[in-house]
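Undergrad: I'd like to ask you about the structure that follows.
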Amino acid sequence: MAEAERMTGTPEPEPGSGAEPTPASDGGGVAEQERERGAGRGKRRIAALLLVACFVYLLDLVSKMLVVAKLEHHDPIQIVGTLLQLRVIRNRGAAFGIGEALTIFLTIIAAAVIVVIARIARKLYSLPWALALGLLLGGAFGNLTDRVFRSPGIFEGAVVDFIAPAHFAVFNLADSAIVCGGILIVILSFRGLDPDGTVHKD
């Protein structure tokens, strides 16, 4: 190599002079920075999910405590005449009172939903998905708390419902959050947005 450089007139760099040739960068530093940015973005999305879930859960829990203490065994409160009332019922089944004999099964479903959301959250980089999953998680925890801790017993408890529109099922804030979260997920799926933030078109 030194002989070739002498023939071409190119001086060989002196050792320690700082002019030694450097190996070409393999892009490892850039890739590492991208991974760090992705990890930070994922943590922020998970934080948003948990924040929404906690807000929904606390709102549902406090509202149920208030209506049980103030409204149960009392006349309904009319919000919009007979079109919308506050009236406490204990529902051991699903919506419209369906499946009252399947309370334990419904409890297992709620727990399974929470596990699925936790698995999805590991690769969550989309804020809209974080909001949707937060609504589902908070609502599922709200009704699961009733199933576990309310009478008649553990895993057989009746959910407290109190929002009573005319000619419709009586429901609670957890139910509302679950429905809103489900609708948002359907919209995101139709738009091709995945939980990891990628967009696909079929």
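The values are calculated or read from the model by the stated rules, or taken from the named source; none is laboratory data. No experiment lies behind these values; they were computed from the predicted model shown. Every residue, glycine among them, receives a Cβ derived from its backbone with ideal geometry; neighbour counts consider all protein chains shown. Ligands, DNA and RNA are stripped out before the accessible areas are found, and what is left, the full protein with its side chains, is counted by its heavy atoms. Shrake-Rupley method; radii C 1.70, N 1.55, O 1.52, S 1.80 Å.
Undergrad: How much of the accessible area of region 46-165, probe 1.4 Å, is carbon plus sulfur, in whole percent?
TA: Details: 4920 of 6690 Å².
The computed percentage sits at 74.
Undergrad: Can I ask one more? Could you order peptides 116-127, 172-183, 132-143 by the average number of other Cβ atoms within 10 Å of their residues, highest first? The partial results should precede the final answer.
TA: Numbers: 116-127: 15.5, 172-183: 20.1, 132-143: 25.8.
Highest to lowest by the protection proxy: 132-143, 172-183, 116-127.
Undergrad: Next question. Translational diffusion coefficient, Stokes-Einstein: compute it for region 74-202 using the Kirkwood radius over C-alpha pairs as Rh, at 37 °C and 0.692 mPa s, and state it as an integer in µm² s⁻¹. Walk me through the numbers before you get to the answer.
TA: Values: Rh = 16.0 Å.
The diffusion coefficient I find is 205 µm²/s.
Undergrad: What relative contact order, as a whole-number percentage, does region 58-202 give when Cα pairs under 8 Å and 6 or more residues apart are counted?
TA: Working: 213 pairs, mean separation 41.2, N = 145.
Computed value for region 58-202: 28 percent relative contact order.
Undergrad: Shifting gears a bit: Going highest first, how would you order 194-200, 58-64 by mean Cβ packing within 10 Å? Write down the numbers at each step before the final one.
TA: Details: 194-200: 13.4, 58-64: 17.4.
Going by the mean number of other Cβ atoms within 10 Å, highest first, we get 58-64, 194-200.
Undergrad: Another one. I want to check the label-to-label distance for ILE183 and LEU127. Put each point 7 Å from Cα in the C-beta direction and report it in nm to one decimal.
TA: Reported label-point gap for ILE183 and LEU127 is 2.1 nm.
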